[in-house]
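Novice: Got a structure here, written out as structure tokens. Questions coming.
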Amino acid sequence: MANNAKSRRQERIEKQKKNSRKWIATGAAAVILLCGGAIAYTNITGDKHPSTTSGQTVPAACSTTQAVTVATTEPMAAALKAMPVDEDTCITLDITTDKTASDVLTESTSGTATTNLWIPDSTTRAELAMSEANTGLTPLAESLAQAPGVVVSEDNTSYGTWLEALKAEDTVSMGDPKEDPGAFAALLGGISEASAGTVNLEDLTGGTALRAQSIGVTEAAQSATELLTDVDNGTKDAAIVTEADYAAYASAHADSGLTATVPGDGSFALNYPLYQASSSNNTTIDEAAQQIIDFMGSEDGKQALAATGLRAADGQELEGEYSVGSFTALTPSNQDVLTQVWTSYSLQSAPLNALVVLDASGSMLLPVAGTDKSRMDITVESVLAGSQLFPARDSMGLWKFSRDLTLPDGSVSDYQELVPMRGFEETVDGKTQRVLLQEAGAGIAATIDPNGFTALYDTTLAAFRSAKENYAYGSVNAVIVLTDGENHDNNSISQEELISTIQAEQDPANPVFIIMIGVSEDADMNALTTIAQSVGGEAHMASSPTNVQRIFAEALTGISDAAA
């Protein structure tokens, strides 16, 4: 049998050598399409033991290799590099670690997939991303490895729950859950606790809001290495990472004195599933997937995983001092809670693209008791003060409205665009959008007609349509209307027509959220609430003009809740 096997292998080698002459012997790679899957074939000359771009050693028996592309995380990539190239198939792995879930799925749905296999950090992440992209990929393995989320500190800092760690944003740093494995595991730990009733759901969504609105906003989110370096240097008390991140850092910095714990005794464990990312029946991709599965289940594979800080798929504890030890596996058992928290976090962390619409009717000139300012003065100051706090990634436009306004060109309208929707740091004629908003807002009061009335319904519809025309994909898009009155316009559409028109024109996949803010007790909150709730928005009441700024800030936070 051995001689027969050797003979067949020799036959295969000779055949490969013969076939290789059909290729230009330069060592270049040629890409050919086989059943929709792009496989790179490389002809090998000279060195009989070269390394692939991913670090695998090619056997001497392979005169031609077939590269299958794999997208995954850094620790898994390191483990895959230890996988030997099979001399019978000569399949090599072209591994990339710079593709997000969104990148992989966008390629797949557009038919431009350059990734053959995908190993995300978690099935939960993959399913959330596939749900958002309204697509699906074929699962090939439920789990190749495990890595729990951990809290790393110098003084063995411990927390009773993941919610406590998530809420401690001043002392506990973390990356962006939308991309970072450790941060994702922490958020899923909190979701698991809320699913089990261990913590309150509202506490979780509220407790993660500040992180959502700050991580990666003014500067790039930190990597696990950067987070752990901050803890090591004493600039942060603790950091949320994975056990693999901790093991890799601690083994490279043996004198760091860092320790890892899990809140309570539980953690969400990342499970590293395997998916086919390209819509192909290519047998080479299938064979590569099976080789990965077999290797990760072997003793050599488990050792390769352990060397990068990953546990095997069975979750067995890592040997050595850099393991967090045993823990209770947390599971987000309530799908509704998972969806609500993830959607809320995603929206809160998204840029804002808002059109602010200010009532400029005569009643806005009424004085505010105890001040020397009018309702309009207070409202404009509050809105513009808030606008100065928005990061550069956000966008805002400004309108005013009152019945029968005379526009600069002499025409008459119920509303006027003062500043188009633009990014806060965009510049026009040497002035940033922030400055333009300040200047336009400061000039509104002087233009108000004391006898002007409120054209609420026509303006709200026009603002909604304008926001749709200026829709920013990937952002939370909103119209924020501030008014102290009710609709006084006999020629306008009715409230029912306003609601039905917005409902008909709203795009559920790309919605514009309507936020109505009543300024003073004179505002028609019944109408504002009816409109907002009927179109999936929210209404807020500022009982006195002096607390408009607080309500405006709450409304912006409420956009995410309304969207969820």
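Novice: Of the residues Arg403, Arg422, which single one is in a strand (DSSP E or B), under 21 Å from Lys468 (Cβ atoms) and of a type in the set (D, E, K, R)? Walk me through how you get there before you give the answer.
Specialist: Details: Arg403 fails: under 21 Å from Lys468 (Cβ atoms).
Answer to the check: Arg422.
Novice: When Ala445 is evaluated against the numbered criteria (1) crowded, with 19+ Cβ neighbours inside 10 Å; (2) of a type in the set (A, V, I, L, M); (3) closer than 18 Å to Glu417 by Cα, which criterion, by number, is the only one it fails?
Specialist: If we test Ala445 against (1) crowded, with 19+ Cβ neighbours inside 10 Å; (2) of a type in the set (A, V, I, L, M); (3) closer than 18 Å to Glu417 by Cα, just (1) comes out false.
Novice: Next up: Does Gly182 satisfy being in the same structural domain as Thr242 (by the TED database), surrounded by fewer than 18 Cβ atoms within 10 Å (Cβ to Cβ) and either at pLDDT 95 or above or among the hydrophobic types (A, V, I, L, M, F, W, C) (or both)? Spell out how you get there, then give the answer.
Specialist: On the way: in the same structural domain as Thr242 (by the TED database): yes; surrounded by fewer than 18 Cβ atoms within 10 Å (Cβ to Cβ): no; either at pLDDT 95 or above or among the hydrophobic types (A, V, I, L, M, F, W, C) (or both): yes.
No, not satisfied.
Novice: Is it the case that Asp484 is in contact (Cβ under 8 Å) with a residue 60 or more places away in the chain, surrounded by 15 or more Cβ atoms within 10 Å (Cβ to Cβ), among the charged types (D, E, K, R) and more than 23 Å from Gln549 (Cα to Cα)?
Specialist: no
Novice: I'd like to check something: does the stretch 349-363 contain any residue that is surrounded by 23 or more Cβ atoms within 10 Å (Cβ to Cβ), touching a helix residue (DSSP H, G or I) at 6+ places or on another chain (Cβ under 6 Å) and part of a helix (DSSP H, G or I)?
Specialist: The answer is no; no qualifying residue exists.
Novice: Looking only at the stretch 219-236, filter to residues that are of a type in the set (Asp, Glu) and modelled with pLDDT of 95 or more; which one of those is nearest to Asp176 (Cα to Cα)?
Specialist: Taking the stretch 219-236 as the starting set, the residues that turn out to be of a type in the set (Asp, Glu) are 219, 226, 230, 232.
Restricting the remaining residues to those that are modelled with pLDDT of 95 or more gives 226, 230, 232.
Values: Glu226: 13, Asp230: 16, Asp232: 20 Å.
Result: Glu226.
Novice: Given (1) surrounded by 15 or more Cβ atoms within 10 Å (Cβ to Cβ); (2) touching a residue at least 60 places away in the same chain (Cβ under 8 Å), identify the lone condition not met by Thr328.
Specialist: For Thr328, the failing item is (1).
Novice: Still on this structure: Please give the number of the condition Ala289 fails out of (1) over 26 Å from Ala77 (Cβ atoms); (2) touching a residue at least 12 places away in the same chain (Cβ under 8 Å).
Specialist: (1)
Novice: Continuing with the same structure: Looking at this structure, is Ser280 surrounded by fewer than 24 Cβ atoms within 10 Å (Cβ to Cβ), in a helix (DSSP H, G or I), in contact (Cβ under 8 Å) with a residue 12 or more places away in the chain and not β-branched (Val, Ile, Thr)? Reasoning before the result, please.
Specialist: On the way: surrounded by fewer than 24 Cβ atoms within 10 Å (Cβ to Cβ): yes; in a helix (DSSP H, G or I): no; in contact (Cβ under 8 Å) with a residue 12 or more places away in the chain: yes; not β-branched (Val, Ile, Thr): yes.
Taking the combined requirement at face value, the residue does not satisfy it.
Novice: Checking the conditions here, which among Ala455, Ala440, Ala472 is over 20 Å from Ala532 (Cα atoms), over 31 Å from the mean Cα position of the chain (by Cα) and of a type in the set (Gly, Ala, Ser)?
Specialist: Numbers: Ala455 fails: over 20 Å from Ala532 (Cα atoms); Ala472 fails: over 31 Å from the mean Cα position of the chain (by Cα).
After applying the criteria, what remains is Ala440.
Novice: Right, here's the next one. Take Glu107 and decide whether it is farther than 17 Å from Pro181 by Cα and in contact with a Gly (Cβ under 8 Å, 6 or more places away or on another chain). Reasoning before the result, please.
Specialist: Details: farther than 17 Å from Pro181 by Cα: yes; in contact with a Gly (Cβ under 8 Å, 6 or more places away or on another chain): no.
No: the conditions fail for Glu107.
Novice: Does the stretch 364-372 include one or more residues that are small (Gly, Ala, Ser), surrounded by fewer than 22 Cβ atoms within 10 Å (Cβ to Cβ) and at pLDDT 90 or above? So that I can check it myself, show each step before the final result.
Specialist: Within the stretch 364-372, the first condition is being small (Gly, Ala, Ser), and the residues that meet it are 369-370.
Cutting the leftovers down to surrounded by fewer than 22 Cβ atoms within 10 Å (Cβ to Cβ) gives us 369-370.
With at pLDDT 90 or above added as a condition, the list becomes none.
Scanning the stretch 364-372, I find no residue that is small (Gly, Ala, Ser), surrounded by fewer than 22 Cβ atoms within 10 Å (Cβ to Cβ) and at pLDDT 90 or above, so the answer is no.
Novice: Could you check the stretch 298-337 and list, in sequence order, the residues that are closer than 22 Å to Leu187 by Cβ and in a helix (DSSP H, G or I)? Steps first, please.
Specialist: Narrowing the stretch 298-337 to residues closer than 22 Å to Leu187 by Cβ: 309-311, 315, 324, 327-337.
Matches in the stretch 298-337: Gln335, Asp336, Val337.
Novice: What number of residues within the stretch 91-107 are assigned to a helix (DSSP H, G or I) and crowded, with 18+ Cβ neighbours inside 10 Å?
Specialist: The total comes to 4.
Novice: Let me ask you something else. Being in contact with a Phe, Trp or Tyr (Cβ under 6 Å, 6 or more places away or on another chain) and under 23 Å from Gln303 (Cβ atoms) is the filter here; which residues of the stretch 77-119 pass it?
Specialist: Let us first name the residues in the stretch 77-119 that are in contact with a Phe, Trp or Tyr (Cβ under 6 Å, 6 or more places away or on another chain), namely 83, 104, 118-119.
Matches in the stretch 77-119: Met83, Ile119.
Novice: Within the stretch 206-236, how many residues are under 21 Å from Ala194 (Cα atoms) and either in a loop (DSSP other than H, G, I, E, B) or in contact with a Gly (Cβ under 7 Å, 6 or more places away or on another chain) (or both)?
Specialist: Residues meeting the conditions: 1.
Novice: Tell me which residues, restricted to the stretch 131-144, are within 13 Å of Thr100 (Cβ to Cβ) and either surrounded by fewer than 14 Cβ atoms within 10 Å (Cβ to Cβ) or of a type outside the set (D, E, K, R) (or both).
Specialist: Ala133
Novice: In the stretch 364-400, what count of residues is obtained for those that are aromatic (Phe, Trp, Tyr) and either assigned to a helix (DSSP H, G or I) or in contact (Cβ under 8 Å) with a residue 40 or more places away in the chain (or both)? Outline the logic, then answer.
Specialist: Filtering the stretch 364-400 for residues aromatic (Phe, Trp, Tyr) gives 390, 399.
Imposing the further condition that a residue be either assigned to a helix (DSSP H, G or I) or in contact (Cβ under 8 Å) with a residue 40 or more places away in the chain (or both) reduces the set to 399.
Of the residues in that region, 1 qualify.
Novice: With respect to Asp245, is the statement that it is surrounded by fewer than 24 Cβ atoms within 10 Å (Cβ to Cβ) and either assigned to a strand (DSSP E or B) or among the charged types (D, E, K, R) (or both) true?
Specialist: Numbers: surrounded by fewer than 24 Cβ atoms within 10 Å (Cβ to Cβ): no; either assigned to a strand (DSSP E or B) or among the charged types (D, E, K, R) (or both): yes.
No; evaluated as a whole, the condition is false for this residue.
Novice: Oh, and also: Tally time: how many residues in the stretch 181-228 are without any contact (Cβ under 8 Å) to a residue 12 or more places away in the chain, more than 14 Å from the chain's Cα centre (by Cα) and on the phi < 0 side of the Ramachandran plot?
Specialist: Going residue by residue through the stretch 181-228, those that are without any contact (Cβ under 8 Å) to a residue 12 or more places away in the chain are 197, 200, 202, 206, 219-220, 226.
Now drop any that are not more than 14 Å from the chain's Cα centre (by Cα), which leaves 197, 200, 202, 206, 219, 226.
From what's left, on the phi < 0 side of the Ramachandran plot: 200, 202, 206, 219, 226.
Adding up the residues that qualify gives 5.
The values are calculated or read from the model by the stated rules, or taken from the named source; none is laboratory data. Just so you know, these numbers come straight off a predicted model, no measurement behind them. Reconstructed Cβ throughout: ideal geometry from the backbone, glycine too, with neighbour counts over all protein chains shown.
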